[in-house]
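The values are calculated or read from the model by the stated rules, or taken from the named source; none is laboratory data. Keep in mind the model is a prediction, meaning the values are calculated, not measured. Note: ideal-geometry Cβ built from the backbone for every residue, glycine included; neighbour counts use all protein chains shown.
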């Protein structure tokens, strides 16, 4: 995906979150975006930022009424990141 398309997707998502996202989703989205911005734009996501992305996914799922109770840290990331190591740590979204 080129940079223009990524910017377009992020802008569209931000507009949707502004109107429809819970406070938790908005806060998690902002934290994810600023963490990526602060680390630079070398095109690689740090391990830590991948887990920030997972926190966003968990917040979105919670918004939809899902409990996330049986999900451990990394479970959602493993759906699309093949080489993520298991952590065995529970992830709770309050």
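Quick check: is even one residue across the range 50-69 at pLDDT below 80 and either out of contact with any helix residue (DSSP H, G or I) (no Cβ under 8 Å at 6 or more places or on another chain) or farther than 22 Å from residue 20 by Cα (or both)?
As a first pass, look at the range 50-69 and keep what is at pLDDT below 80: none.
Among the residues of the range 50-69, not one is at pLDDT below 80 and either out of contact with any helix residue (DSSP H, G or I) (no Cβ under 8 Å at 6 or more places or on another chain) or farther than 22 Å from residue 20 by Cα (or both), which makes the answer no.
Mind checking whether some residue in the range 41-48 is modelled with pLDDT under 90, out of contact with any strand residue (DSSP E or B) (no Cβ under 9 Å at 6 or more places or on another chain) and in a helix (DSSP H, G or I)?
First, the residues of the range 41-48 that are modelled with pLDDT under 90: 41-48.
The next check asks that each one be out of contact with any strand residue (DSSP E or B) (no Cβ under 9 Å at 6 or more places or on another chain); those that pass are 41-48.
From what's left, in a helix (DSSP H, G or I): 47-48.
Yes; the residues of the range 41-48 include at least one that is modelled with pLDDT under 90, out of contact with any strand residue (DSSP E or B) (no Cβ under 9 Å at 6 or more places or on another chain) and in a helix (DSSP H, G or I).
If you take the residues in the range 17-40 that are assigned to a helix (DSSP H, G or I) and surrounded by fewer than 11 Cβ atoms within 10 Å (Cβ to Cβ), which one is modelled with the lowest pLDDT? Explain how you work it out, then say what you get.
Of all residues in the range 17-40, those assigned to a helix (DSSP H, G or I) come to 17-20, 23-38.
Right, trim to surrounded by fewer than 11 Cβ atoms within 10 Å (Cβ to Cβ) and you get 18-20, 23, 37-38.
Numbers: 18: 93, 19: 94, 20: 93, 23: 96, 37: 69, 38: 64.
Among them, the one singled out is 38.
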